[in-house]
Amino acid sequence: MAEIINIPVILATARKGRSSEKAANFMLEQAKAYGLETELIDVRDYRIEATDNSGNLPEAQRLSSKISRADGLIIVSPEYNHGYPGELKMMLDMLYEEYFKKPVGFCGVSSGIFGGVRGVEQLRQVSIEFHMVPIREAMYFPQIDSLIKDDGRVTDKDYHDRAKKFLDELVWYAKALKQHRD
């Protein structure tokens, strides 16, 4: 019997008209095609007051149940002003121990040519503080509105191969680390 690996995709922005949703849906479909148990975790569903990040909040409890079951994470984040969205930071900060020894893969998104690389650099640092293991591979989605059309069609067919390479590494770490968490 094949081992079931659960790796949800986190959509890191709540902005209206968010183009990064296209990249998140692409990664969700790639994860499903890879055979992972997965779902989309949308930061819109976990918004809290800026001063209240208590683990007792209903949002934190719902998030905890999802992250506790996860064997790893994929975070799809746009880059805003050389950083990642504040609502992602607030959502991540609701939890702590649930992230321990879990690999995380990052997908940067931007309307410019760099694909969110500066926001991903910051997320790598934050993930280490959470005792996560950031993988080396990353997916970058530059000029997102040209790269992925509104109907979900990817204009650069190499992205399917890139996603497989990304998922190969993420799943390798997920399997290796899972035995140390159980």
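The values are calculated or read from the model by the stated rules, or taken from the named source; none is laboratory data. Predicted, not measured: the structure shown is a model, and the values here were computed from it. Glycine gets a Cβ as well: all are built from the backbone with ideal geometry, and neighbour counts include every protein chain shown.
Among residues belonging to the range 31-53 that are hydroxyl-bearing (S, T, Y) and touching a helix residue (DSSP H, G or I) at 6+ places or on another chain (Cβ under 7 Å), point out the one that is modelled with the lowest pLDDT. Selected residue: Y46.
Looking across the range 138-158 at every residue that is in contact with a strand residue (DSSP E or B) (Cβ under 8 Å, 6 or more places away or on another chain) and buried (at least 16 other Cβ atoms within 10 Å of the Cβ), the one that is farthest from V117 (Cα to Cα) is identified as V154. Across the range 1-23, the qualifying residues are those that are farther than 21 Å from S64 by Cβ and of a type outside the set (D, E, K, R), and the one among them that is surrounded by the fewest Cβ atoms within 10 Å (Cβ to Cβ) is M1.
How many residues are of a type in the set (A, V, I, L, M, F, W, C), touching a residue at least 40 places away in the same chain (Cβ under 8 Å) and over 14 Å from V109 (Cβ atoms) if we restrict to the range 125-162? Within the range 125-162, residues that are of a type in the set (A, V, I, L, M, F, W, C), touching a residue at least 40 places away in the same chain (Cβ under 8 Å) and over 14 Å from V109 (Cβ atoms) number 2.
Scanning the range 78-131 for residues being farther than 24 Å from S146 by Cβ and not aliphatic (A, V, I, L, M) gives a total of 19. Counting only helices (runs of 4 or more DSSP H) that sit wholly inside the range 81-182, those with at least 2 residues that are charged (D, E, K, R) are 86-92, 117-129, 158-181. Counting residues in the range 146-155 that are under 16 Å from A12 (Cα atoms), in contact with a Lys or Arg (Cβ under 8 Å, 6 or more places away or on another chain) and either modelled with pLDDT of 95 or more or not hydrophobic (A, V, I, L, M, F, W, C) (or both) gives zero. Of the residues L63, L28, which single one is closer than 26 Å to A138 by Cβ, outside any strand (DSSP E or B) and touching a helix residue (DSSP H, G or I) at 6+ places or on another chain (Cβ under 6 Å)? None of the other options fit; the residue is L63.
Could you list, in sequence order, all residues of the range 102-123 that are touching a Leu at 6+ places or on another chain (Cβ under 7 Å), among the aromatic types (F, W, Y) and surrounded by fewer than 24 Cβ atoms within 10 Å (Cβ to Cβ)? Correct list: empty.
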